[in-house]
Amino acid sequence: MPCVNCGADVTGAYCSNCGQRATVKRLTFREGWNDFWARIYGFDGMFPRTLRDLTIRPGKASLKFIERNRVAYYGPVGYFFLTITLMYLVASLLGIDMVDFMKNSAKVSMSEPPKPGTGQAKFMEELMKIVSDNMKLVSFVIVPIQAFYSRYLFFRKSNLNFVEHTVLPFYTLGHVYWLSIMSLLSYSVLGEFIPASVQLVVSFGYFGFAYADMFTYQNKVKAFLKGLGIYIVAQLTFTIIGIIIGIIVVLLNPEVFEMLRPSNN
C-alpha cells in the first residue's frame, strides 16, 4: 500500500520513509482530538517525558539529544519557544496584560518603584512594552552568551562544540518559564506573584544542578558552581549590553532623555 504522504510502499503500521501512519481515518471531531493528543503525547509520551526529565535530569536529557537521539525529547529550540508561547497563551486565557504583569512584578521586586506619572514610570512602561513585544528575541539572545562562556571559559575540556553548548541553555531557559506561568496563575487566582527572590533562587539552583548533571567529568560541586557562574556572568553580560544600547537610545532620542531628566522625576 502506498504512503499517502510520500508514496513509498508501506508494510507496517507506519511508513518507514517518513513516519506517516499507514491507516488514517476520515477527519471528524473525535479523530481530530485523538490526533491532537497523539502529537502531544506521541512517541511514547514525548511531552510529559521532556517535562519530567528536564526537571529531574536536565543534563542527561541534553546529552541524549546531543548524542543524536531525536525521538526521546522535544528539540531544545522548539521547547524554548513552546514554553514562551504557552506563557503568553496562559496570560491571554486569563485576561492578563503581559505589560501590566511585568510592570507590577517589577514594582514588587523594587525597593522604591518609580512614582506614577513621572518620567521614570513612563520610561519603565515603554521598556516593559518593548520587552513584552520582543520576549522571544530578548530571551534568545541570552542563549549564545551562556553557550560562549560554557564553551570557552567554564567547560573547555568537554569536547562539545559551540552549538552543542547551546542545547542545555535552550532547555533550561525554556524550562524556567514554567515559573512565570505559575506566577501568572498565582496572580490570577490569588492576586499575588511568586516572589522574585523565590524565582531567582530556584533558577540559580536549577541552572547549577543542570550543569552538574551534564558535565559529570568534573566534581559535582565544582560543576554546580560553574553552572551558577555561567548564569551570573551571562546575565551580567546581557545587562551590560542592554545598558549600552539604552544609553545610545537615550542619547539619540530626546523624548527618552526628557523622561529620565531628574527635573521630570
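Enumerate the amide H contacts of Y14 below 5 Å, restricted to partners 5 or more residues apart or on another chain; note that Pro and chain-start residues carry no placed amide H.
So Y14 has HN proximity to A22.
Show the residues, 5+ positions off or on another chain, whose built amide H is closer than 5 Å to the amide H of Y74.
Placed amide hydrogens put T50 under 5 Å from Y74.
Any read-out appearing in this document is the output of simple, stated calculations on the displayed coordinates, not a laboratory observation. In this text, all values refer to a predicted model and were calculated from it rather than measured experimentally.
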